[in-house]
Amino acid sequence: MNGTGIITAIVGRLPDVVEARKIDPLELTSEERANTHFVAETASGRQLRVSLPRGTELQDGDVLALDSETAVVVKASAEDLLLIKPGAEPVSWWAACYQLGNLHRPARFRDDGIVTLYDPLALQILRGLGVTVERVHEPFVGRRFGAAGAHHHHHADDHDPAFGHHHAPHHHGH
């Protein structure tokens with residue numbers, strides 16, 4: 001991992017491949033994690049050139065490079081978000097979900113509610129529906145659903161005979 005090559009695949013996920021290695025985090029926003037081609041610098045100053053297959057979205061915990069001592073791991077940056085929580089009235093909750101879709105807002109589903117990137121118009125509309133909306137500063141992570149969230153990323157061992165694997169692709173729930 002000398003920084004001269006191009007990263008073209010995700011090696012694995014934390015904690016699966018790291019074991020006793022030092023972690024060198026690569027902190028990225030949600031927009032940066034959605035890019036498939038970029039140059040970035042890890043926390044230790046390692047320069048990375050990334051060129052992933054189209055449609056790949058990096059997830060918090062994806063391992064991009066690995067050697068005997070260090071693992072370069074994606075870390076989702078804290079961002080300005082809206083956290084929408086279900087209230088006592090289900091119709092308001094459903095209307096809030098509908099409006100997020102109507103506004104084409106990216107959304108991540110978590111146990112405590114739905115998060116979307118902060119937007120003043122979305123905040124105004126959601127508050128008008130009577131749902132609980134809180135502005136938070138944390139990573140934009142959680143489950144995705146629907147066609148927009150159907151992107152699958154391939155791990156380095158999915159199709160490469162050089163890794164000794166000749167099996168069909170396996171899917172990971174991230």
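The values are calculated or read from the model by the stated rules, or taken from the named source; none is laboratory data. Every value quoted in this text rests on a predicted model; they were computed, and no experiment measured them. Using ideal geometry, Cβ is built from the backbone for each residue, glycine included, and neighbour counts are taken over all protein chains shown.
For this structure, a couple of remarks:
- Residues in segment 33-48 that are in contact (Cβ under 8 Å) with a residue 24 or more places away in the chain and either closer than 11 Å to A65 by Cα or crowded, with 16+ Cβ neighbours inside 10 Å (or both): R33, T42, R46, L48.
- If you go through segment 47-67 and keep only what is farther than 14 Å from I23 by Cβ and of a type outside the set (V, I, T), you end up with Q47, L48, R49, S51, L52, P53, R54, G55, E57, L58, Q59.
- Unique match (being closer than 30 Å to Q124 by Cβ and in contact with a Lys or Arg (Cβ under 8 Å, 6 or more places away or on another chain)) among L66, L28: L28
- Complete set of residues in segment 47-84 that are at pLDDT 95 or above, farther than 14 Å from A9 by Cα and of a type in the set (V, I, T): I84
- Odd one out for V50, checked against (1) touching a strand residue (DSSP E or B) at 6+ places or on another chain (Cβ under 7 Å); (2) in the same structural domain as R135 (by TED's automatic domain parsing): (2)
- Only one entry in A88, A65 is among the small types (G, A, S) and under 28 Å from I114 (Cα atoms), namely A88.
Here's the yes/no breakdown for (1) in a loop (DSSP other than H, G, I, E, B); (2) under 30 Å from L129 (Cα atoms); (3) among the polar types (S, T, N, Q); (4) over 16 Å from the mean Cα position of the chain (by Cα):
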position: S44; (1), (2), (3), (4): yes, no, yes, yes
position: V50; (1), (2), (3), (4): no, no, no, no
position: G55; (1), (2), (3), (4): yes, no, no, no
position: L58; (1), (2), (3), (4): yes, no, no, no
position: S68; (1), (2), (3), (4): yes, no, yes, yes
position: V72; (1), (2), (3), (4): no, no, no, no
position: K75; (1), (2), (3), (4): no, no, no, no
position: L81; (1), (2), (3), (4): no, yes, no, no
